[in-house]
Amino acid sequence: MSSTTGDTAATPSTVARQLLERVRREQPTETHEQTLAAFDEDALAEVRTDRRTALAFWLNVYNAGAQLLLDRRPELFESRWRFFRATAITVAGIDVSLDDIEHGLMRNRQSKYGLGYLPRLARCGFGPAYRLPVDPRIHFALNCGAASCPAILSYDAETVDRALDDATEQYLAQHVQYDAATDRVRVPRVCLWFIGDFGGPSGLRAFLRDYGQVPRGASPSLSFDGYDWTRVPRQFDTRE
């Protein structure tokens, strides 16, 4: 499909980024949602074949879809089971939930249960070509509307890795506490929920070292904070 949204060629990546920006600005989103829904398989070719394009695309789609769902159906958030499984947005004629995007596609069809070690049995409408290799940094970029969620950024394919590193570094700096005296580190709960994504406890420690949260050579014991599920929509990053 070839179409336009305003004066801009409607590539999937552009539409997803513009949709998130319109959500942030509280502007009408219907045209962008309709364009996203009307794309065909050919239009999504780069989403299937280029990791950076797919990563930026699904991050923006997830975060836009979550905010739209929070605005339109806020009562669903009272039951997280219903909220994450409800249709959040339509892409290329396929209704997808937040769970479909995160666990079916961005986590390469891994279950949200089982600490990141079990396959996801539920199917979404997109085939294996759309699945991404597991990247633990997405857990510091996806925002479902809970108080403990990370700030929402807009992602672009060319800079997505650098932006994800920045988002990860910022979130960890705010939420990780290392006690050198006891060689113990407290980390966000999401690191426990998906510890398999990090490569297990040793992989998580290496991840924390890479982001400067524990000293090089340290192998601290791990403890995990709780997660604040208070509904707080529109947590957009305000940095310039």
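The values are calculated or read from the model by the stated rules, or taken from the named source; none is laboratory data. This is a predicted model, so every value here is computed, not measured. Because the Cβ atoms are built from the backbone with ideal geometry, glycine has one as well, and the counts that use them run over all protein chains shown. SASA here: full protein model, heavy atoms, side chains in, ligands and nucleic acids out. Shrake-Rupley method; radii C 1.70, N 1.55, O 1.52, S 1.80 Å.
Answer yes or no as to whether TRP81 is assigned to a helix (DSSP H, G or I), open to solvent by 10 Å² or more (accessible area, probe 1.4 Å), closer than 30 Å to GLY196 by Cβ and among the aromatic types (Phe, Trp, Tyr). Steps first, answer last, please.
Details: assigned to a helix (DSSP H, G or I): yes; open to solvent by 10 Å² or more (accessible area, probe 1.4 Å): yes; closer than 30 Å to GLY196 by Cβ: yes; among the aromatic types (Phe, Trp, Tyr): yes.
Yes: the conditions hold for TRP81.
For segment 148-196, give me each residue that is within 23 Å of ASN108 (Cα to Cα), open to solvent by 40 Å² or more (accessible area, probe 1.4 Å) and assigned to a loop (DSSP other than H, G, I, E, B).
SER154, ASP156, ARG189, listed by residue number.
Among the residues of segment 103-111, is any among the hydrophobic types (A, V, I, L, M, F, W, C), open to solvent by 70 Å² or more (accessible area, probe 1.4 Å) and in a helix (DSSP H, G or I)?
Just the residues of segment 103-111 that are among the hydrophobic types (A, V, I, L, M, F, W, C), to begin with: 105-106.
Filter once more, keeping what is open to solvent by 70 Å² or more (accessible area, probe 1.4 Å): none.
Among the residues of segment 103-111, not one is among the hydrophobic types (A, V, I, L, M, F, W, C), open to solvent by 70 Å² or more (accessible area, probe 1.4 Å) and in a helix (DSSP H, G or I), which makes the answer no.
Could we say that LEU68 is surrounded by fewer than 20 Cβ atoms within 10 Å (Cβ to Cβ), among the hydrophobic types (A, V, I, L, M, F, W, C) and within 24 Å of ASP237 (Cα to Cα) here?
Details: surrounded by fewer than 20 Cβ atoms within 10 Å (Cβ to Cβ): yes; among the hydrophobic types (A, V, I, L, M, F, W, C): yes; within 24 Å of ASP237 (Cα to Cα): yes.
It is true that LEU68 is surrounded by fewer than 20 Cβ atoms within 10 Å (Cβ to Cβ), among the hydrophobic types (A, V, I, L, M, F, W, C) and within 24 Å of ASP237 (Cα to Cα).
Within the set of pairs 6+ apart or on separate chains, which have a first residue in segment 103-119 that is more than 26 Å from ARG52 (Cβ to Cβ), a second that is open to solvent by 70 Å² or more (accessible area, probe 1.4 Å) and at pLDDT 95 or above, and C-beta atoms under 9 Å apart?
Note: pairs meeting the criteria are TYR113/TRP193; LEU115/TRP193.
Give segment 114-147 a look and list any residue that's over 14 Å from the mean Cα position of the chain (by Cα), closer than 20 Å to LEU44 by Cβ and assigned to a loop (DSSP other than H, G, I, E, B), or say none.
Of all residues in segment 114-147, those over 14 Å from the mean Cα position of the chain (by Cα) come to 114-130, 147.
Next, only the ones that are closer than 20 Å to LEU44 by Cβ stay: 123-130.
Once the filter is applied, which keeps residues that are over 14 Å from the mean Cα position of the chain (by Cα), closer than 20 Å to LEU44 by Cβ and assigned to a loop (DSSP other than H, G, I, E, B), segment 114-147 yields ARG123, CYS124, GLY125, PHE126, GLY127.
Looking at segment 11-27, I want the residues that are within 15 Å of ILE89 (Cβ to Cβ) and have a partner that is among the hydrophobic types (A, V, I, L, M, F, W, C) and in a loop (DSSP other than H, G, I, E, B) with Cβ atoms under 7 Å, at least 6 apart or on another chain. Which pairs are those?
PRO12/PHE39; PRO12/ALA43; PRO12/LEU44
Select from segment 197-221 the residues that are within 17 Å of TYR178 (Cβ to Cβ), crowded, with 16+ Cβ neighbours inside 10 Å and in contact (Cβ under 8 Å) with a residue 12 or more places away in the chain and list them in ascending order.
The answer is PHE198, LEU204, ARG205, PHE207, LEU208, TYR211, GLN213, VAL214, PRO220.
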